[in-house]
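The values are calculated or read from the model by the stated rules, or taken from the named source; none is laboratory data. Everything numeric here is computed off the predicted structure, so don't read it as measured data. Cβ sites come from the backbone with ideal geometry, for glycine too, and all protein chains shown count toward neighbours.
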Amino acid sequence: MPKILKMLSESYLAVMVASLLIGLFVPFARYLIPLNTLLLQIIFFLSCLKIDLKQMKGSAKDWRFLLLSNFLMLIAFPIIVWFLIGSLYPETGLALFLLAAMPAGTTTPLLVEIVGGKQATAMVLTVTTALLAPITIPLLTKYLYGATVNVDAFNMFKQLALVIFVPFVLALLVRRLNLSFVNKIKSKTKPISIAMLGLLIIGAVSKESASIISMSKDWWQLFVLIGSLFVFFLFTHFVGYYIFWWKNHDEKNTASITLTYMNFTLAIYLASQFFPRPGVLLPLVLCILPWATLLPLWKQVSETFLKPGK
């Protein structure tokens, strides 16, 4: 068992690719579809177990930075994506809009630490964006897409509250009642979360497997789509970095990582629940490629070209 957990934690991209293939080609994968909500709740719960509210107090003092960051991530950036892409490529635009509207990913503090940003600030942004997302995502989606897509904003809010608020409160309660247990299992939460994410992707993809397979037969279109996703992620990196031009390098790096590595798991879940179309779901599943591979490149660019004194 320990060897399996270690393999999962070290083979993130491999697990995601395997999940995509299983969802596409294994008929029994469809039995996982009803479990998507539960799987996402487990992922959020395990991630929230790591939240230490006491450590976040110091970073929360810079409320102007936090307010602007939340506004940029949850409102301004999704609107920009909708404006630039939505009318030209409706389904891909909807996928990227959903991605842009997501809160920060639960692994963001770890990624920020890797590139030398401020981990405590990233944790605050992860929590605040996650708690605001159930309100901002349904409202923005209804306002921007309500005329062209059937958007049940209230049901979307209920689903988001179910997969974000409930695990968050439960995790804080568990931390308060038995912190020693939380510290004991902390090292095992990452591989378990990856396994749950793999199962979530299998269920989401299997829902539209036939249509996705048909779409992916056009290799040139698939190549262009993947390339566009890499460009999209690089664009968010630079927007996140330079939007806070007056801050120091570490804080700008923190903003860049937080904006770029958004919670694509939640985006896949929402697409499978409310917009179950291959043209929306496929880009969100494929975004795992830039999500999992661009960080080392950004770290090199950041340290070589952007860091003061270089």
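Remarks
- The set of residues from the stretch 73-102 being of a type in the set (A, V, I, L, M, F, W, C) and closer than 15 Å to residue 132 by Cβ comprises 73, 74, 75, 76, 77, 100, 101, 102.
- Qualifying residue in the stretch 123-146 (condition: touching a Ser or Thr at 6+ places or on another chain (Cβ under 8 Å) and more than 19 Å from residue 46 (Cα to Cα)): no
- The set of residues in the stretch 149-197 being at pLDDT below 85, farther than 19 Å from residue 36 by Cα and outside any helix (DSSP H, G or I) consists of 149, 150, 151.
- The stretch 209-234, residues that are in a helix (DSSP H, G or I) and either among the β-branched types (Val, Ile, Thr) or exposed (fewer than 14 other Cβ atoms within 10 Å of the Cβ) (or both): 210, 212, 213, 214, 219, 220, 221, 223, 224, 226, 227, 231
- Annotation: residue 264 fulfils all but one of (1) at pLDDT 90 or above; (2) touching a Cys at 6+ places or on another chain (Cβ under 6 Å); the unmet one is (1).
- Test: residue in the stretch 103-114 that is surrounded by 19 or more Cβ atoms within 10 Å (Cβ to Cβ), touching a strand residue (DSSP E or B) at 6+ places or on another chain (Cβ under 8 Å) and in a loop (DSSP other than H, G, I, E, B): yes
- Meeting the requirement of 3 or more residues that are of a type in the set (Val, Ile, Thr) and at negative phi, the helices (runs of 4 or more DSSP H) wholly within the stretch 23-83 are 36-48, 77-81.
- Given (1) at pLDDT below 85; (2) in contact with a Ser or Thr (Cβ under 6 Å, 6 or more places away or on another chain); (3) within 18 Å of residue 102 (Cβ to Cβ), number of the condition residue 222 does not satisfy: (3)
- Elements of type helices (runs of 4 or more DSSP H) contained in the stretch 253-310, each with 1 or more residues being closer than 29 Å to residue 150 by Cβ and over 18 Å from the mean Cα position of the chain (by Cα): 278-286
- Among (1) touching a Pro at 6+ places or on another chain (Cβ under 6 Å); (2) aliphatic (A, V, I, L, M); (3) farther than 30 Å from residue 91 by Cα, the one test that residue 185 misses: (1)
- In the stretch 264-310, the residue that is nearest to residue 32 (Cα to Cα) out of those that are in contact (Cβ under 8 Å) with a residue 12 or more places away in the chain and basic (Lys, Arg) is 277.
- Qualifying residue in the stretch 170-181 (condition: farther than 25 Å from residue 40 by Cα, in contact with a helix residue (DSSP H, G or I) (Cβ under 9 Å, 6 or more places away or on another chain) and surrounded by fewer than 20 Cβ atoms within 10 Å (Cβ to Cβ)): no
- Every condition in (1) at pLDDT 85 or above; (2) in contact with a Pro (Cβ under 6 Å, 6 or more places away or on another chain); (3) of a type outside the set (Ser, Thr, Tyr); (4) buried (at least 19 other Cβ atoms within 10 Å of the Cβ) is met by residue 41 except one, and the failing one is (4).
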